[in-house]
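Inspection log for the structure reproduced underneath, given as structure tokens.
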Amino acid sequence: MAKPKQKVIITCAVTGAIHTPSMSPHLPVTADEIAEAAIGAAKAGAAVLHLHARDPQTGKPSQDPALFKPFLERIKRETDAIINITTGGSPHMTVEERMRPATTFKPELASLNMGSMNFGLYPMLGRFKEFKHDWEREHLENSRSLVFRNTYQDIESILALGNANGTRFEFECYDISHLYNLAHFVDRGLVKSPPFIQSVFGILGGIGPHPEDLMHMKRTADRLFGNDYEWSILGAGRGQMPLATIGAAMGSNVRVGLEDSLWIGPGEMAQSNQVQVERIRTILEALNLEIATPEEARAKLDLKG
Ligand code: KMH
Ligand code: ZN
């Protein structure tokens, strides 16, 4: 009998906390914009929606649950997609602040960043020079001196929150050491199998975007977790589509969205999250891969539904 085809989970990270409104007119900011972008991505094939909120006046990232509520309600009404709420927030926030929306809404999935690191946003000052709001320049400038703090205690607090609420995690691993941190928590019995590993490539402060970096992450994850993990690829910026393509050809799931890249081609801004989902979907189908529905993704990731 033919082996059933592995179905690929597409995650779409709709707005994030890295890019700022002056960088792209297409970055969703208000609750309606975030909801519409997320619904468009789900219709195009994203089974998972990774969500952050922003202050609607300034576009500044915010973890205020009141800002999440309207778009979460609308997305749940209009799609069956899996809601994944950030606990990363922004590298500028405390972990207590970052945990607020996942604590309030008890989603099926939440992100969990697996180590402390430099998070170099300041190189974007070379590319983007005009900013409508003061916070945007400061956000990039201050990244020279900040550490994205994810101590063992921080990780334990977020794991405890998930384990209390039946929330499972998208484990964001920006470097090889983060895989070892994840293995440590698996060994301690605090992480249920299979972990959903989001390997992040191309953030300054983490592993680079070279295909060899991807291979090294995969070899290490295979050694630490055997077959017992769900692998996904997130390439930042121009690495988004090439790395997702390489990963998918090797059996990974994929993440796209304007949180991770504002682009759809060299010098060409993505007009929406949906176009990035459509692009990766076209690539996956050309590779003869099938796209997981939300129900299939729930089964693969063992979510509460
Ligand atoms: N911004 C991405 C590189 C989070 O929300 O927890 C990683 C991220 C972090 O999605
Ligand atoms: Zn995020």
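In the stretch 40-55, of all residues being within 16 Å of ligand 1 (Cβ to nearest atom) and in a loop (DSSP other than H, G, I, E, B), the one that is surrounded by the most Cβ atoms within 10 Å (Cβ to Cβ) corresponds to 46.
Taking residue 258 as the residue in question, decide whether it is touching a residue at least 12 places away in the same chain (Cβ under 8 Å), among the aliphatic types (A, V, I, L, M), part of a loop (DSSP other than H, G, I, E, B) and within 16 Å of ligand 1 (Cβ to nearest atom). Yes, satisfied.
Conditions (1) at pLDDT 95 or above; (2) farther than 20 Å from residue 175 by Cβ, marked per residue:
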{"site": "96", "(1), (2)": "yes, yes"}
{"site": "103", "(1), (2)": "yes, yes"}
{"site": "121", "(1), (2)": "yes, no"}
{"site": "129", "(1), (2)": "no, yes"}
{"site": "140", "(1), (2)": "yes, yes"}
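Count of the stretch 1-39 residues, restricted to those that are part of a loop (DSSP other than H, G, I, E, B), out of contact with any helix residue (DSSP H, G or I) (no Cβ under 7 Å at 6 or more places or on another chain) and away from ligand 1 (no atom under 13 Å from the Cβ), is 10.
Scanning the stretch 282-305 for residues that are crowded, with 20+ Cβ neighbours inside 10 Å and among the basic types (Lys, Arg) yields one hit, 298.
A quick yes/no check of all residues on (1) within 16 Å of ligand 2 (Cβ to nearest atom); (2) over 21 Å from residue 50 (Cα atoms); (3) of a type in the set (Gly, Ala, Ser):
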| residue | (1), (2), (3) |
| --- | --- |
| 247 | no, no, yes |
| 274 | no, no, no |
| 279 | no, no, no |
| 286 | no, yes, yes |
| 294 | no, no, no |
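Give the residues of the stretch 64-118 that are of a type in the set (Gly, Ala, Ser) and farther than 15 Å from residue 51 by Cα, sorted by residue number. Please lay out each step first, then the result.
Of the stretch 64-118, the ones of a type in the set (Gly, Ala, Ser) are 66, 81, 88-90, 102, 110-111, 115-116.
The answer is 115, 116.
For the stretch 222-278, residues that are touching a strand residue (DSSP E or B) at 6+ places or on another chain (Cβ under 9 Å), surrounded by fewer than 24 Cβ atoms within 10 Å (Cβ to Cβ) and of a type in the set (Val, Ile, Thr) total 3.
In the set (1) crowded, with 24+ Cβ neighbours inside 10 Å; (2) within 15 Å of ligand 1 (Cβ to nearest atom), the condition left unmet by residue 71 is number (2). Checked against (1) closer than 26 Å to residue 296 by Cα; (2) over 13 Å from the mean Cα position of the chain (by Cα), residue 93 passes all but condition (1). Of the residues making up the stretch 160-215, those that are over 18 Å from the mean Cα position of the chain (by Cα) and surrounded by 21 or more Cβ atoms within 10 Å (Cβ to Cβ) number 1.
Residue pairs whose Cβ atoms lie under 7 Å apart, separated by 6 or more positions or on different chains, with the first residue in the stretch 9-24 and closer than 25 Å to residue 47 by Cβ and within 16 Å of ligand 2 (Cβ to nearest atom) and the second at pLDDT below 95 and not aliphatic (A, V, I, L, M), do not occur.
The values are calculated or read from the model by the stated rules, or taken from the named source; none is laboratory data. Since this is a predicted model, take the numbers as computed values, not measurements. Ideal geometry is used to build each Cβ from the backbone, glycine not excepted, and the neighbour counts take in all protein chains shown.
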